[in-house]
Amino acid sequence: MTASGEVSLPPTSDTIAAIATAPGTGAVGIVRVSGPQAHAVADAVFRPAAGGRALDAPTGRVLFGQVVALGDVVDDALLLSFRRPASYTGQDAVEIQTHGGPAVLRRVLELCLESGARAAGPGEFTLRAYLNGKLDLAQAESVLDLVNASSEAARRNAAGGLTGELSRRIGEVQSAVTAAYAEVQAGFDYPEEGVPEARLSEPLERALAGIDDLLATAEAGRLSREGARLALLGRPNVGKSSLLNALLGYQRSLVSEVPGTTRDYLEAPLVLGGVPLTLVDTAGIRVTSDALEASGVDLTRAVSDASDLRVLLLDRSQPLEDEDLALLRTFVEPSGGSGTVVVASKADLPPAWEAGALEEGLVAIAVSSVTGEGLDALRSALTDRLIGSAAGAELWVGNERHVQALRRARRSVEAARGASDELAALDLQDALGHLATITGREGVAEETLASIFARFCVGK
Ligand code: GDP
């Protein structure tokens, strides 16, 4: 922030240094230096064992030696040399690898700062890479996503963004919009004829389809990054804890024949379809149909807050009770398109009711936690609800900024459909503007850049 309150980006022409490895002790730690003085800084703090100087090291050279301070050896070290533009940042850069102790790394960084480097702020290395054209903005953000990825799906999506797959797909949409724009422009030259409807609609439809394909993965992308909560609902003793254990594949909760013995919430992690899930056993929420009538709203809210998706268990070996029906009424929307999957539990026991006993059109998946019957069907029903059509997609767009820009671009393209040529031209320009903010090759506000890179860690 400047005194006037404007957000501004840090300078990029000086030399920056930071510890690039995670805080704490590790076998190896890295201090990273980038900028025109990078090799001069290395020369001041590093003594190659085989003689020579870091100052002269070419790209790709690895030197073994020692970090020294006033003749004292700080640690043995490896120095990696990169010459612009062949480095991550596109600038001259060095990486100094030492033992990963915090005191060692702090001392090496301190020496670099004493030798002319400035302490880097969050994301400054990647910002330089972006400004030097080494990465587009979507790729730079993917670096952040990759560092933060905690699930395999999130990692895969980030890697897809980093290799430029997202940028390529955005490029296809941009070409379609540009083609439509060219048609509108051509129409200006022959105003008496106007743009033939079909010539404009083909690229417009292509642009919309491209945007929709990407947006269809937005929810899956969000879930793969943030995870989802899956609540197990049902009256006591219907088999919630047993199902939780069966889904996990190990004993996580106490299973008891005495109703109400599983108290409060019990949570356990599980990955389904690439989405990290937290399974929540809601045995602590007791309902009677009276209580449900009285506090149905509160209960619904409590469970909805606790979950993105729900499994409602109905014990198939016992006659349905009022409480079962009350839960069905509360959590299963008549449309069938709800976030609740109904399970007929204890399917290995003789049934006391058939699936047809439930509301018409409502399918309950017969599951036995004892034999494992129906578990796969349940897993795929849940996966389907979680990620739907995104399951087969190569890339999920999980970055909220990208999703917003795609939605805005979609609205503009949509508006261009059926608009007069003058308005269509403006709408298509808007759409191109929104798409450009994703890859960010031009025209991204400093403020946006500053807020993106501020989310990085120092040293990245
Ligand atoms: P919760 O109160 O809903 O968590 O139910 P529990 O998982 O504690 O199960 C209650 C009782 O039903 C226990 O005696 C379980 O062994 C039994 N049970 C749970 N699932 C099954 C099942 O699939 N088949 C059979 N035969 N018994 C089950």
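Answer yes or no as to whether residue 184 is β-branched (Val, Ile, Thr) and open to solvent by less than 10 Å² (accessible area, probe 1.4 Å). In short, yes.
Whether a residue is in contact with a helix residue (DSSP H, G or I) (Cβ under 6 Å, 6 or more places away or on another chain), within 18 Å of residue 460 (Cα to Cα) and surrounded by 21 or more Cβ atoms within 10 Å (Cβ to Cβ) was assessed, and residue 29 passes this test.
Return the total of residues in region 342-364 being farther than 13 Å from residue 246 by Cβ and either open to solvent by 30 Å² or more (accessible area, probe 1.4 Å) or away from the ligand (no atom under 16 Å from the Cβ) (or both).
The initial filter retains those residues of region 342-364 that are farther than 13 Å from residue 246 by Cβ, namely 342, 344, 349-364.
Add one more test, that the residue is either open to solvent by 30 Å² or more (accessible area, probe 1.4 Å) or away from the ligand (no atom under 16 Å from the Cβ) (or both), and what stays is 349-352, 354-363.
Residues meeting the conditions: 14.
All told, residue 174 meets the bar of being touching a residue at least 40 places away in the same chain (Cβ under 8 Å), in a helix (DSSP H, G or I) and surrounded by 19 or more Cβ atoms within 10 Å (Cβ to Cβ).
Checking the structure you have, find out if any residue of region 264-275 is of a type in the set (Gly, Ala, Ser), within 16 Å of the ligand (Cβ to nearest atom) and at pLDDT below 90.
So in region 264-275, the residues of a type in the set (Gly, Ala, Ser) come out as 268, 273-274.
So of that shortlist, the ones also within 16 Å of the ligand (Cβ to nearest atom) come out as 268.
Next, from what is left, pick out any that are at pLDDT below 90: 268.
Within region 264-275, one or more residues are of a type in the set (Gly, Ala, Ser), within 16 Å of the ligand (Cβ to nearest atom) and at pLDDT below 90.
Here is a list: 316, 286, 310. Which entry is surrounded by fewer than 16 Cβ atoms within 10 Å (Cβ to Cβ) and either of a type in the set (Lys, Arg) or at pLDDT 95 or above (or both)? The unique qualifying residue is 286. Does residue 380 count as more than 16 Å from the ligand (Cβ to nearest atom), polar (S, T, N, Q), in a helix (DSSP H, G or I) and open to solvent by less than 30 Å² (accessible area, probe 1.4 Å)? Against the criterion (more than 16 Å from the ligand (Cβ to nearest atom), polar (S, T, N, Q), in a helix (DSSP H, G or I) and open to solvent by less than 30 Å² (accessible area, probe 1.4 Å)), residue 380 does not qualify. Can you confirm whether residue 458 is farther than 30 Å from residue 345 by Cα, open to solvent by less than 10 Å² (accessible area, probe 1.4 Å) and of a type outside the set (S, T, N, Q)? No: the conditions fail for residue 458. Residues in region 207-250 that are away from the ligand (no atom under 12 Å from the Cβ), touching a residue at least 60 places away in the same chain (Cβ under 8 Å), open to solvent by 20 Å² or more (accessible area, probe 1.4 Å) and not in a helix (DSSP H, G or I): 216, 229.
Out of all the residues in region 102-133, which are over 34 Å from the mean Cα position of the chain (by Cα) and in a loop (DSSP other than H, G, I, E, B)? 115, 116, listed by residue number.
Only one entry in 70, 135, 111, 127 is open to solvent by 60 Å² or more (accessible area, probe 1.4 Å) and either in contact with a helix residue (DSSP H, G or I) (Cβ under 6 Å, 6 or more places away or on another chain) or free of Cβ contacts under 8 Å to residues at least 40 places away in the same chain (or both), namely 70. Close Cβ contacts (under 9 Å, 6 or more residues apart or on different chains) running from residues in region 384-408 that are on the phi > 0 side of the Ramachandran plot to residues that are not in a loop (DSSP other than H, G, I, E, B) comprise 388/219; 388/220. Of everything listed in (1) open to solvent by 40 Å² or more (accessible area, probe 1.4 Å); (2) closer than 19 Å to residue 88 by Cα; (3) part of a helix (DSSP H, G or I), the single unmet condition for residue 42 is (1).
The values are calculated or read from the model by the stated rules, or taken from the named source; none is laboratory data. What you see is a predicted model, and the numbers here were worked out from it, not measured in a lab. Glycine also receives a Cβ, built like all others from the backbone with ideal geometry; neighbour counts cover every protein chain displayed. Each accessible area value is taken on the protein alone, full model and side chains, heavy atoms only, with ligands, DNA and RNA left out. Shrake-Rupley method; radii C 1.70, N 1.55, O 1.52, S 1.80 Å.
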